Amino acid sequence: MKTFFKQTALVTLALTLIVSLGSCEATRNANNKQKGAVIGATGGAILGAIIGNNVGKGGNGELGAVIGGVVGGGAGVLIGNKMDKQAQKIEEEIPGAQVVRVDDGIVVTFDENSGVYFDTAKYNINTASQNTLDKLANVLKEYPDTDVLVVGHTDSVGAEEMNLTLSKNRAQSVTNYFVQNKGLSSGRFTTNWYGETAPVADNSTAEGRAKNRRVNLAIVPNQKMKNEAKQQAGE
């Protein structure tokens, strides 16, 4: 059964944030951490950065368990510094990727122009994509105190149900590659998918469709990083 995410207001806010965050720079708010399956302010911003123009439908993850609210105060500054360094490392290692810092998180977008792509109607990781994912895996190993949300998308060519399944398989292929081929812990990953329902470009053009066939990753601090930052900050 499809899961519908009705977060229009948060997505609108998120897109506004993204416009102002064209480069890798931290934005820090002072909200309290949201717990459970509720997506807080940061969750809405990061979710908006992932799904683009529309609120879509998709997968199987408890998004709120991965994406919470912003950690404020001195702990937030410490976390922000660590996430800034990780984002900079990703930009250095994978120049073609679109890397955006959103509050405490990092959103990485791969499309057909930036290193991770799939053959038509396929979801296997090809050789070119492996090279890019290998580089990202090395960064994730260097920064182990983060969780990762992997989200798949397609263009609008073909039936909607087929595209939903295709986006699921592509996102799962990326997650499986990190876990099975690169030895990263499965506990760090949540996988989700939106099919054709969240375009970031015009599906009526070849260029737009290429941008919509994409995989997003949201990288966020895990609870260990948050706890250590609060201890260091004396909070």
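The values are calculated or read from the model by the stated rules, or taken from the named source; none is laboratory data. Small disclaimer: the values here were computed from a predicted structure and weren't measured. Positions of Cβ are generated from backbone atoms using ideal geometry, with glycine treated the same way; all protein chains shown enter the neighbour counts. Only protein heavy atoms, including side chains, enter the accessible area calculation; ligands, DNA and RNA are left aside. Shrake-Rupley method; radii C 1.70, N 1.55, O 1.52, S 1.80 Å.
From the set of residues in region 144-157 that are closer than 17 Å to Ser186 by Cβ and assigned to a loop (DSSP other than H, G, I, E, B), which is least open to solvent (accessible area, probe 1.4 Å)? My answer is Asp145. The residue that is nearest to Ser156 (Cα to Cα), counting only those in region 87-136 that are among the basic types (Lys, Arg) and open to solvent by 10 Å² or more (accessible area, probe 1.4 Å), is Lys122. Within the set Lys211, Lys182, Lys226, the sole residue that is among the charged types (D, E, K, R) and open to solvent by less than 20 Å² (accessible area, probe 1.4 Å) turns out to be Lys226. Of the residues making up region 188-207, those that are in contact (Cβ under 8 Å) with a residue 24 or more places away in the chain and either of a type outside the set (Gly, Ala, Ser) or surrounded by fewer than 24 Cβ atoms within 10 Å (Cβ to Cβ) (or both) are Arg188, Phe189, Thr190, Thr191, Asn192, Trp193, Tyr194, Glu196, Thr197, Pro199, Val200, Asn203.
Conditions (1) basic (Lys, Arg); (2) touching a strand residue (DSSP E or B) at 6+ places or on another chain (Cβ under 7 Å); (3) within 16 Å of Ala210 (Cβ to Cβ), marked per residue:
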position	(1), (2), (3)
Ala121	no, no, yes
Thr127	no, no, no
Val139	no, no, no
Gly152	no, yes, yes
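Among the residues of region 73-125, those identified as part of a helix (DSSP H, G or I) and among the charged types (D, E, K, R) are Lys82, Asp84, Lys85, Lys89, Glu91, Glu92, Glu93.
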